[in-house]
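As structure tokens, the structure follows; a few thoughts come after it.
The values are calculated or read from the model by the stated rules, or taken from the named source; none is laboratory data. Because the structure is predicted, anything quoted here is derived from the model rather than measured. All Cβ positions, even for glycine, are placed from backbone atoms using ideal geometry, and neighbour counts span all protein chains on display. Accessible surface areas use protein heavy atoms only, side chains included; no ligands, DNA or RNA. Shrake-Rupley method; radii C 1.70, N 1.55, O 1.52, S 1.80 Å.
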There are 2 protein chains.
Amino acid sequence: MNTKTIGEEMWKAEEKVPADMFHCLYGAIVAEYWRFHDDNDSGADVSNAANTRLDKIGHQMGCRLVEGVCAKAPPSVSVFLASPTTGFVQAGEVLVKLLFKQLMNASVQVSAVDNFKVIVTLPNDLTRNVQLPDNARNHLSYLSIWCGILRGAMEMLNWRVNVTVVSDMLLGDSKNEVEMTLIDRLHDAKPRLED
Amino acid sequence: MNTKTIGEEMWKAEEKVPADMFHCLYGAIVAEYWRFHDDNDSGADVSNAANTRLDKIGHQMGCRLVEGVCAKAPPSVSVFLASPTTGFVQAGEVLVKLLFKQLMNASVQVSAVDNFKVIVTLPNDLTRNVQLPDNARNHLSYLSIWCGILRGAMEMLNWRVNVTVVSDMLLGDSKNEVEMTLIDRLHDAKPRLED
């Protein structure tokens, strides 16, 4: 499936706002969460609390954004994604590639480790112009929201997954990478998109 | 000053992302704040806490977004905005109109009540497709972030203002309106943009 061409058409058809507005909003939220929990919690709890809340926000976004993917992609894509014969790695690759193409006009790399695990190399842009508060460095994960987005999007297709950050450019790594691991498939349920 | 034409050029030059991504992120934050404070606080505090935090996030965004306006508008605009001879109503009108044109390609109406107060009619789009949690209705103000954005943006030009929601379409009003009232001018300081 040519996710690049399909995703590009979807990207072009989207109504847009300046990227700055999105990055600015996300940056402000990360900073506010950090400050809030820094004032109200102690030690390692701060990063845990802030990262968990960012992941939750992402999860809610993912659940909604995947509807956009399925509504705007050609019908064959939705059929492929919802089919019980489509494997985890294949579904994950198509969904993640389309999602990033549609949302950021970005091509991401999805590499299968085995049948139950993929590594997603996220765009460098995600951490562009970001400065974490000094005491948040090494604790706060700016990529948490994308973990949540992928988790929510996959869940809507009945794949329950765990998504964690593997490399983070804000922590000095050379790329932004997350690992998506299959927990289980909700075999009995129809994909929630068809509800 | 033709803020519409200038703003349109600025809008066109912006790198963009899908509007859905912004609306989805903001919607998820509002819902998450509401749930967090609903679980941890009681009664009227919930809306107060959530609205205050949304306003704070907006304030941080406003401080940063105004830099974009001044950097991307023709030099005459920055000179006008930063000049000590420009009045509150004039500065407010130009800044608010440019900000909304640049960020949302939207034309907003700014009406002076007197020399110290303006009413800004915000785009209907801001509350499009928004559903507040049932128990948040009549409490949570979805427009709080825009109050913060305007407050932050004006502050960077040395106008300390108070911004409150006057009408909110999510509460059944026919339009989205905020009132921006001058508190004081930081006469001694140079506009912070020139730092």
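Points worth noting:
- A count restricted to segment A:175-190 and to residues that are open to solvent by less than 60 Å² (accessible area, probe 1.4 Å) and within 18 Å of the chain's Cα centre (by Cα) stands at 7.
- When A:Ala106, A:Ala153, A:Ala112 are screened for being out of contact with any Ser or Thr (no Cβ under 9 Å at 6 or more places or on another chain) and closer than 15 Å to A:His23 by Cβ, only A:Ala106 passes.
- Residues in segment B:69-98 that are among the small types (Gly, Ala, Ser) and in contact with a Pro (Cβ under 8 Å, 6 or more places away or on another chain): B:Ala82 only.
- Residue selected from segment A:1-10 under the condition touching a residue at least 40 places away in the same chain (Cβ under 8 Å) and open to solvent by 40 Å² or more (accessible area, probe 1.4 Å), by the criterion farthest from the other protein chains (Cβ to nearest Cβ): A:Met1
- Flag if A:Val46 is farther than 24 Å from A:Asn105 by Cα and surrounded by 22 or more Cβ atoms within 10 Å (Cβ to Cβ): yes
- The residues in segment A:98-124 that are out of contact with any strand residue (DSSP E or B) (no Cβ under 9 Å at 6 or more places or on another chain) and in contact (Cβ under 8 Å) with a residue 12 or more places away in the chain can be counted, and the count is 4.
- Tally of residues being open to solvent by less than 20 Å² (accessible area, probe 1.4 Å) and within 20 Å of B:Glu93 (Cα to Cα) across segment B:124-142: 1
- Scanning segment B:19-43 for residues that are free of Cβ contacts under 8 Å to residues at least 12 places away in the same chain, touching a Phe, Trp or Tyr at 6+ places or on another chain (Cβ under 7 Å) and more than 9 Å from chain A (Cβ to nearest Cβ) returns no hits.
- If the condition is being within 13 Å of chain A (Cβ to nearest Cβ) and either over 15 Å from B:Lys4 (Cα atoms) or open to solvent by 10 Å² or more (accessible area, probe 1.4 Å) (or both), then segment B:62-100 contributes B:Gly62, B:Cys63, B:Arg64, B:Leu65, B:Val66, B:Glu67, B:Gly68, B:Ala71, B:Lys72.
- Every test in (1) more than 10 Å from chain B (Cβ to nearest Cβ); (2) touching an Asp or Glu at 6+ places or on another chain (Cβ under 8 Å) is passed by A:Asn105 save one, and that test is (1).
- Boolean, A:Ser111 is more than 14 Å from chain B (Cβ to nearest Cβ), at pLDDT 95 or above, open to solvent by 40 Å² or more (accessible area, probe 1.4 Å) and out of contact with any helix residue (DSSP H, G or I) (no Cβ under 6 Å at 6 or more places or on another chain): yes
- Criterion: in contact with a Lys or Arg (Cβ under 7 Å, 6 or more places away or on another chain) and either open to solvent by 10 Å² or more (accessible area, probe 1.4 Å) or under 25 Å from A:Met61 (Cα atoms) (or both) - qualifying residue of B:Gly172, B:Gly148: B:Gly148
- Looking across segment A:51-61 at every residue that is open to solvent by less than 50 Å² (accessible area, probe 1.4 Å) and within 11 Å of chain B (Cβ to nearest Cβ), the one that is farthest from the chain's Cα centre (by Cα) is identified as A:Arg53.
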